[in-house]
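The values are calculated or read from the model by the stated rules, or taken from the named source; none is laboratory data. Since the structure is predicted, the reported quantities are computational estimates derived from the model, not experimental observations. Here the Cβ positions follow ideal geometry from the backbone for every residue, glycine too, while neighbour counts run over all protein chains shown.
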Amino acid sequence: MKATETNLKGCFIIEPTIFEDERGYFFESYNHKNFCEAIGREVIFVQDNQSFSKKGVLRGLHFQKGEHAQAKLVSVLQGKIQDVVVDLRKDSPTFGQHLSIELSEENKKQVFIPRGFAHGFLTLSESAQVFYKCDNYYNKEAEGGVRYDDDALGIGWHLNFEDLILLEKDKGLPLLDINNSQRDMHNQQRQ
C-alpha cells in the first residue's frame, strides 16, 4: 500500500498493492495496522456506508459538525466518480481549498479524509457504487454542508451544471464565507 499526502494536510490518497494473474486480481482493501502506519496516526473506523448512484448524481458537499465530525476512507466498488474534499478547518493554511480526484473500480485508489472536511462526489460512469468507512457514527442533527457551485471554492466539476442531479436540500446549502472566516482567523491571531 502506498499513501501520498495531498496538498491538504492530513488528507491522503491510498493506492493498494494489487496482485494480478490469469484468474483476476487480489488486494487488501483495508488493513488497520498498515493504514495507520501509512498515514501516521491511529484511526478507528466504526461505520461502513455504501451508495449507488446514476450518472450525473452529485452528492454533497456534506460534513458532520462538532463532536459528531467524521473522518472517512472512500473507495469505489463499481464505476467512476469525481471525488471532492474541501478543507473547512478554520485554523488550517489550506482553509477553503479543495482536492478533486477520480476514483474508479479500475484505479482502485482511495481517499482518506480527516475530520474537518466537507466531502462530495459526482458519478461520471453510467452508475457507481461508492463505499466508505467512517470513524464516528452518523448524527442527523449534526448535518452540515457547503454549496457544490460556490464560486469561492472554484471546483471544476467534470459534467455541466445542467446535467447534474441533486437533492433540493443540496441545492440550498450555504456558501462558504471564506473572507469572513479568514478575517475571523486574523482577528483571533491578533488577540
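One table, with the values for the structure above:
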quantity	calculated
Residue among Asp151, Asp184 that alone is in a loop (DSSP other than H, G, I, E, B), modelled with pLDDT under 95 and charged (D, E, K, R)	Asp151
Phe52, sole failed condition from (1) under 24 Å from Tyr148 (Cα atoms); (2) at pLDDT below 95; (3) surrounded by fewer than 16 Cβ atoms within 10 Å (Cβ to Cβ)	(2)
Residue ID - nearest to the chain's Cα centre (by Cα), chosen from residues in region 132-164 that are crowded, with 17+ Cβ neighbours inside 10 Å and within 19 Å of Glu105 (Cα to Cα)	Tyr132
Flag if Lys55 is touching a helix residue (DSSP H, G or I) at 6+ places or on another chain (Cβ under 9 Å), charged (D, E, K, R), within 25 Å of Glu168 (Cα to Cα) and touching a residue at least 24 places away in the same chain (Cβ under 8 Å)	yes
Elements of type strands (runs of 3 or more DSSP E) in region 4-49, at least 2 residues being within 21 Å of Ala69 (Cβ to Cβ) and of a type outside the set (Asp, Glu)	12-15
Filtered residues of region 20-49 (kept if of a type in the set (Asp, Glu), closer than 18 Å to Ile113 by Cα and surrounded by 12 or more Cβ atoms within 10 Å (Cβ to Cβ))	Glu37
